Amino acid sequence: MKKIIAILAVAVLAFTGTVNAQKFGHIDAQKILTAVPGFQASSDEMERYQKEKEKQYLDLQTMIQNNYQKYLAEKDALLPSIKASREKELQTEELKLQEFGTETQQRIQQKQQDLMAPLLKQIKDAIDIVAKENGFAYIFDITQQGSLVYFDGGIDVTDLVIAQIKKASAPTIGTGTTPTPTTPIMQNRLSYFI
């Protein structure tokens, strides 16, 4: 019995020592995101794309409203069969507008994901390198509300991650080439890489 207690005590001490030896770090993902080369260009592209899609939606909506106003102005003079046909056309146009709105939202989300993917990979790679080079067991994103309830201590590695991203995207000396620029993104959740 004493032998089992001794083994248990050694195991608990070893586990406690292991837990205490782990390094914890944290990042400000928003600060990192805005520091990634090309972020502004990607943000501008997303804004341009979204405005273009919103304009297309508003143009279609205006056309349908104009058709409806025209119908209201003429409806008293229309034969019942033509009146029913025009009402059916207006209902079809309204359904098309709703479908276009849904499709537009999906396209905007897909565009944002397409713009974000290269940046998220670049950020994740930089976090992985910083964590391994500096012996961190965990790196948390302190900007994600709800995912980190409390923190006190740990090491802020935001600047290390930014430095790693800049290092990875720096021109290669002696080759006359620069790495392919990544397409940056809109600000979004980064918590999945931690």
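The values are calculated or read from the model by the stated rules, or taken from the named source; none is laboratory data. Just so it is clear, the model here is predicted, and its values are computed rather than measured. Ideal geometry is used to build each Cβ from the backbone, glycine not excepted, and the neighbour counts take in all protein chains shown. Side chains included, ligands, DNA and RNA excluded: accessible areas come from the protein's heavy atoms. Shrake-Rupley method; radii C 1.70, N 1.55, O 1.52, S 1.80 Å.
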Q | Of the criteria (1) in a helix (DSSP H, G or I); (2) within 15 Å of the chain's Cα centre (by Cα); (3) of a type in the set (S, T, N, Q), which one Thr104 fails | A | (2)
Q: Please list, ordered by first then second residue, the pairs with beta carbon atoms under 9 Å, 6 or more apart or interchain, first in segment 88-116 and under 22 Å from Lys75 (Cα atoms), second open to solvent by 50 Å² or more (accessible area, probe 1.4 Å) and among the hydrophobic types (A, V, I, L, M, F, W, C).
A: Glu93/Met63
Q.
Restricting to segment 29-83, and then to whatever is in a loop (DSSP other than H, G, I, E, B) and without any contact (Cβ under 8 Å) to a residue 12 or more places away in the chain, can you tell me which residue is surrounded by the most Cβ atoms within 10 Å (Cβ to Cβ)?
A. Leu78
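This table checks each residue for (1) closer than 30 Å to Arg48 by Cβ; (2) open to solvent by 70 Å² or more (accessible area, probe 1.4 Å); (3) modelled with pLDDT of 55 or more.
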position	(1), (2), (3)
Leu119	yes, no, yes
Ile142	no, no, yes
Leu148	no, no, yes
Val161	yes, no, yes
Ile165	yes, no, yes
Thr178	yes, yes, no
Pro184	yes, no, no
Asn188	yes, no, no
